[in-house]
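The values are calculated or read from the model by the stated rules, or taken from the named source; none is laboratory data. Because the structure is a prediction, the values reported are computed rather than measured. Neighbour counts are summed over all protein chains in view; Cβ atoms, including those assigned to glycine, are modelled from backbone coordinates with ideal geometry.
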């Protein structure tokens, strides 16, 4: 998830891909409920998804990245969209616009989903949760207005589509996240990956899921905007917790092999091309009891079962030399012929190697295949590698 990472240049990354997108004036930007806290903590603020957001704090991107891997990092993700689908037909309605199994999702469980065009390409990725009385959905910040309009147009006659602009969203990630959050919210450490529920903190209602987008164990916490600042301060008062900006969020999710909407997936990519076929359950595939019935089903299911040839495929890449390979870098075969493009790339702080993701023809997607990336006119040798680059540490019980 997380739409295009505008402004990460300020975190010490290559500035050139971002300069053209940093023209948004400060006066035009929205502010999250934690904006004043970010300034108080010395954050470097940048335009992102129409908001003024912290890209890093004084400790710097590398320190923030490592702290999240070793302890617990607190992220402000309040720019993201939260909404509810209510009504007896909500599950069937949502299932008609995404290729996931919604109807059979147990109460208390969460699942990753994809909104698709009629051509089977990806409008956005999202998370949905069965709360029993409704479905709780989180969508990407820069996409939320369009997503909500699309959902309303497609299924608004079958269920209530209820945006929740009054809710802030915090993410607490890292191996010590459970211990830190349990000090404030007893019982939350009993959750396992992709489960959640309603909790109470000092009289404030929280909705917490054990999930996130860093590859680490952690939580996402939905809280009323009026209580976001007190909750963030209480979390930061825990010795394990430090504030983390968008720069480290980007490097963490890339090491985890997770797609960034606007970079690695968009309306030109299909689930199979993006290597996201795992997210489509058997019941929705060919031969399943609820096969198809979602936008672009013929294309999507045909690519998954091989009856429709894949034109390209997302792969992980590791550079064989210590040369970072950024997004939009051309990929070539060993004879110098262009075959694809890097969609995300940086020096992975945890593995201390340049890592990237990009698209290549299927015949170049086998693990171990050598590919050249053209960096400033010079060929940098890369090798197709399995993702995640850093093993995920989700808590499954």
TODO: Kindly indicate which of 276, 246, 252 is surrounded by fewer than 24 Cβ atoms within 10 Å (Cβ to Cβ) and either more than 25 Å from residue 349 (Cα to Cα) or touching a strand residue (DSSP E or B) at 6+ places or on another chain (Cβ under 8 Å) (or both).
DONE: 276
Open item on the list: I'm checking my understanding of the structure. Among residues of the stretch 279-298 that are assigned to a helix (DSSP H, G or I) and either touching a strand residue (DSSP E or B) at 6+ places or on another chain (Cβ under 9 Å) or at pLDDT below 95 (or both), which one is nearest to residue 121 (Cα to Cα)?
Closed with: 297
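Out of the stretch 311-329, which residues are under 24 Å from the mean Cα position of the chain (by Cα) and not in a strand (DSSP E or B)? Before you say what the answer is, go through the steps one by one.
So the first thing to find is which residues in the stretch 311-329 are under 24 Å from the mean Cα position of the chain (by Cα), and the list is 312-319, 324-329.
Result: 312, 324, 325, 326, 327, 328, 329.
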Task: Counted residues, the stretch 180-200 - those being touching a strand residue (DSSP E or B) at 6+ places or on another chain (Cβ under 8 Å) and not in a loop (DSSP other than H, G, I, E, B) - done: 10
Open item on the list: Scan the stretch 305-319 and tell me whether some residue there is surrounded by fewer than 16 Cβ atoms within 10 Å (Cβ to Cβ), at pLDDT 95 or above, closer than 25 Å to residue 385 by Cα and in contact with a strand residue (DSSP E or B) (Cβ under 7 Å, 6 or more places away or on another chain).
Closed with: no
- [ ] Go through the stretch 57-102 and count every residue that is outside any loop (DSSP other than H, G, I, E, B), within 15 Å of residue 250 (Cβ to Cβ) and in contact with a strand residue (DSSP E or B) (Cβ under 6 Å, 6 or more places away or on another chain).
- [x] 3
Open item on the list: Of everything in the stretch 35-49, what is in a loop (DSSP other than H, G, I, E, B), out of contact with any strand residue (DSSP E or B) (no Cβ under 6 Å at 6 or more places or on another chain) and in contact (Cβ under 8 Å) with a residue 24 or more places away in the chain? Give them in sequence order.
Closed with: 49
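Matching residues to (1) buried (at least 22 other Cβ atoms within 10 Å of the Cβ); (2) touching a residue at least 60 places away in the same chain (Cβ under 8 Å):
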position	(1), (2)
174	yes, yes
180	yes, yes
185	no, no
199	no, no
203	no, no
207	no, yes
210	yes, yes
